[in-house]
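The values are calculated or read from the model by the stated rules, or taken from the named source; none is laboratory data. No experiment lies behind these values; they were computed from the predicted model shown. Here the Cβ is made from the backbone with ideal geometry for all residues, glycine too, and neighbour counts use every protein chain on show.
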C-alpha cells in the first residue's frame, strides 16, 4: 500500500496521528461480507492494525453536520466528511465525490 501513496499523502501520514471515522469499520466489514476485500475484521493482524488507530465516534454533532454538507450521495461518505469537519482533522481520500467538498481540508 505504501508504494501507492502520493508524496503529499505520505507526508501527512508521517506528520499526523492516524484516525478513522467509526463508519469506516462498518464499511470494511460490509466490503468483506460482499467479497470486495479480503480483510476480515475478525483477523488478529487486522484487529491489531485497527486498534492502533484513533476511531472518531459518530456523535450527534457528526450526524447533524452530515446533513449540512456541500456534497451528497453515499451516507457513509457524508459521515466520513462530517467527522473530519466536526473534529477538525484533515481528510485523506481519493473518493471523487468527497474531494469536491469545499468545507473540509483534503489531503
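Specify the residue that is modelled with the highest pLDDT; the eligible residues are those in segment 26-49 that are touching a helix residue (DSSP H, G or I) at 6+ places or on another chain (Cβ under 7 Å) and under 26 Å from residue 62 (Cα atoms). My answer is 27. What number of residues within segment 91-107 satisfy the criterion of being within 13 Å of the chain's Cα centre (by Cα) and either more than 18 Å from residue 8 (Cα to Cα) or without any contact (Cβ under 8 Å) to a residue 12 or more places away in the chain (or both)? Within segment 91-107, residues that are within 13 Å of the chain's Cα centre (by Cα) and either more than 18 Å from residue 8 (Cα to Cα) or without any contact (Cβ under 8 Å) to a residue 12 or more places away in the chain (or both) number 2. Candidates 45, 88: the one that is free of Cβ contacts under 8 Å to residues at least 24 places away in the same chain, closer than 21 Å to residue 13 by Cβ, more than 15 Å from the chain's Cα centre (by Cα) and exposed (fewer than 11 other Cβ atoms within 10 Å of the Cβ) is 45. If you go through segment 51-78 and keep only what is buried (at least 17 other Cβ atoms within 10 Å of the Cβ), part of a helix (DSSP H, G or I) and out of contact with any strand residue (DSSP E or B) (no Cβ under 9 Å at 6 or more places or on another chain), you end up with 65, 77, 78.
So, residue 37, is that one surrounded by 12 or more Cβ atoms within 10 Å (Cβ to Cβ) and either in contact with a strand residue (DSSP E or B) (Cβ under 7 Å, 6 or more places away or on another chain) or closer than 23 Å to residue 101 by Cα (or both) or not? Against the criterion (surrounded by 12 or more Cβ atoms within 10 Å (Cβ to Cβ) and either in contact with a strand residue (DSSP E or B) (Cβ under 7 Å, 6 or more places away or on another chain) or closer than 23 Å to residue 101 by Cα (or both)), residue 37 does not qualify.
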